[in-house]
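Student: Take this structure first; my questions come after.
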Amino acid sequence: MKYNIAVIPGDGIGPEIVREAQKVLDAAAKKYGFTLEYTELLMGGASIDANGSPLTDETIETARANDAVLMGSIGGDAKTSPWYQLPPSLRPEAGLLKLRKSLNLFANLRPAYLYEELKAACPLRDEIIGDGFDLLIMRELTGGLYFGARSTVEEDGVRKATDTLVYNEKEIRRIAVKAFDIARKRRKEVCSVDKANVLDSSRLWRSVVEEVAKDYPDVELSHMLVDNCAMQLVRDPGQFDVILTENMFGDILSDEASMVTGSIGMLSSASLNETKFGLYEPSHGSAPDIAGQGIANPIATVLSAAMMLRYSLDLDEAADAVEAAVKQVLSEGYRTGDIMSDGCTRVGTVQMGDLIAARV
Ligand code: IPM
Ligand code: MG
């Protein structure tokens, strides 16, 4: 079987980590007898430099014509990079948001779990970690504050900026359905996170989620306010199975969740629409401060590639093998700098990719 994969290396550490993920994918392809054909695409700063815009329509169409998209990361240093002298709609991040919206990738899955091997890298105390945690953030990705009307105006010499948080019930329903569906394959618990004590959009969110829950009597639904959730994630992360939340809350909570796994360099993500198609990218950014040094952790991207095998290509066995290879490398004591601890062997980006690929 042959699959077509669009690859967006992006900026900063993006090209380095994507290269390692492709190496691991190729090892899986060889072992499990399938072929991946890659088409490289430009997005973010790399596309600004080449095309004067962070994402061209042609790139969107090429991405759409593939079975899935594998991405590194985009963006640069906001203080020093010339990309950030451009108007907001032409900056690197605008390309990513446009791609997500154009391809209707409304469901963003961000799994966060603690590898036994990385307990030492987890900043939480042992008694808080307990038996570890295994949660998944289901983040709505094409609505809310990110895509509502915004403006900056000046009235009587006073500057005023507005962003709008809009959701309609259809957008809430479809992401809730995704959350309940995935909860069925896990521990059957959905915690819907909102700010219903203040926001209308959250009150609608809560009532639609409750309607959807009626179709899933086997899944337990709870609600939590977002500020409390931020606190609970560091107080007792083991209490969560699936966290369902809107775009902005999910952005913030997923960075927090990633840190308790030991490093943001461990958190993978999949962005899906109603079809099998998906965009797979690490949850972390382009880390321009360490780009080109060969020290970035490629594991979040490798695990995103595993999610691609599972969700877009239905290659569960190969996905399992990639995930097991990551676990094995960690249990053998290999670590990139961000997850390094006493007694372990420090390796660089390429070496980490080699080690994982060899164990697939
Ligand atoms: C993420 C990132 C993006 C987001 C940025 C780069 C626009 O932080 O994927 O979490 O806010 O969604
Ligand atoms: Mg983010």
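The values are calculated or read from the model by the stated rules, or taken from the named source; none is laboratory data. Note that the structure is predicted; figures quoted are calculated from it, not measured. Every residue, glycine among them, receives a Cβ derived from its backbone with ideal geometry; neighbour counts consider all protein chains shown.
Student: Determine which member of the set Leu103, Leu96 is at pLDDT 95 or above, over 22 Å from Val242 (Cβ atoms), within 15 Å of ligand 1 (Cβ to nearest atom) and surrounded by fewer than 21 Cβ atoms within 10 Å (Cβ to Cβ). Spell out how you get there, then give the answer.
Tutor: Working: Leu96 fails: surrounded by fewer than 21 Cβ atoms within 10 Å (Cβ to Cβ).
Only one candidate passes the filter, namely Leu103.
Student: Looking at Ala213, Ala287, Ala306, which is the one that is away from ligand 2 (no atom under 15 Å from the Cβ) and assigned by TED's automatic domain parsing to the domain that holds Lys327?
Tutor: Just one listed residue meets the conditions, Ala306.
Student: Please work out if Glu256 is of a type in the set (D, E, K, R) and either within 16 Å of ligand 1 (Cβ to nearest atom) or free of Cβ contacts under 8 Å to residues at least 24 places away in the same chain (or both).
Tutor: The answer is yes for Glu256.
Student: Just to be sure I understand the filter: pairs with C-beta atoms under 9 Å, separated by 6 or more residues or on different chains, first member in the stretch 324-352 and among the β-branched types (Val, Ile, Thr), second member surrounded by fewer than 17 Cβ atoms within 10 Å (Cβ to Cβ) and outside any helix (DSSP H, G or I). Which pairs pass?
Tutor: Listed by first residue and then by second, the contacts come to Thr336/Arg346; Thr345/Glu332; Thr345/Gly333; Thr349/Gln293; Thr349/Gly294; Val350/Gly294.
Student: Hey, does the stretch 342-358 have a residue that's within 28 Å of Ser81 (Cα to Cα), within 20 Å of the chain's Cα centre (by Cα) and not assigned by TED's automatic domain parsing to the domain that holds Gly238?
Tutor: yes
Student: If you scan the stretch 209-238, which residues turn out to be under 15 Å from Asp134 (Cα atoms) and free of Cβ contacts under 8 Å to residues at least 12 places away in the same chain? Spell out how you get there, then give the answer.
Tutor: The initial filter retains those residues of the stretch 209-238 that are under 15 Å from Asp134 (Cα atoms), namely 232-238.
Across the stretch 209-238, the qualifying residue is only Gln232.
Student: Tell me yes or no: at least one residue of the stretch 64-78 is in the same structural domain as Asp314 (by TED's automatic domain parsing), in a helix (DSSP H, G or I) and in contact (Cβ under 8 Å) with a residue 60 or more places away in the chain.
Tutor: Yes, that holds for at least one residue.
Student: Any idea which of (1) assigned to a loop (DSSP other than H, G, I, E, B); (2) within 28 Å of Asp289 (Cβ to Cβ) is the one Lys119 doesn't satisfy?
Tutor: (1)
Student: Which residue out of Glu61, Glu37 is more than 16 Å from ligand 2 (Cβ to nearest atom), more than 22 Å from Ile290 (Cβ to Cβ), assigned to a helix (DSSP H, G or I) and over 19 Å from the mean Cα position of the chain (by Cα)?
Tutor: From the options Glu61, Glu37, the qualifying one is Glu61.
Student: I've got another one for you. How do the strands (runs of 3 or more DSSP E) wholly within the stretch 183-286 filter down when requiring 1 or more residues that are among the small types (Gly, Ala, Ser): which remain?
Tutor: Fully inside the stretch 183-286 and qualifying: 189-194, 220-225, 270-272, 278-280.
Student: Please go through the stretch 327-360 and pick out each residue that is surrounded by fewer than 17 Cβ atoms within 10 Å (Cβ to Cβ), among the basic types (Lys, Arg) and over 12 Å from Leu118 (Cα atoms).
Tutor: Arg346
Student: Sticking with this structure for a sec: Would you confirm whether any residue within the stretch 79-89 is under 17 Å from the mean Cα position of the chain (by Cα), in a loop (DSSP other than H, G, I, E, B), over 21 Å from Asp354 (Cα atoms) and within 16 Å of ligand 1 (Cβ to nearest atom)?
Tutor: Checking the stretch 79-89: not a single residue is under 17 Å from the mean Cα position of the chain (by Cα), in a loop (DSSP other than H, G, I, E, B), over 21 Å from Asp354 (Cα atoms) and within 16 Å of ligand 1 (Cβ to nearest atom).
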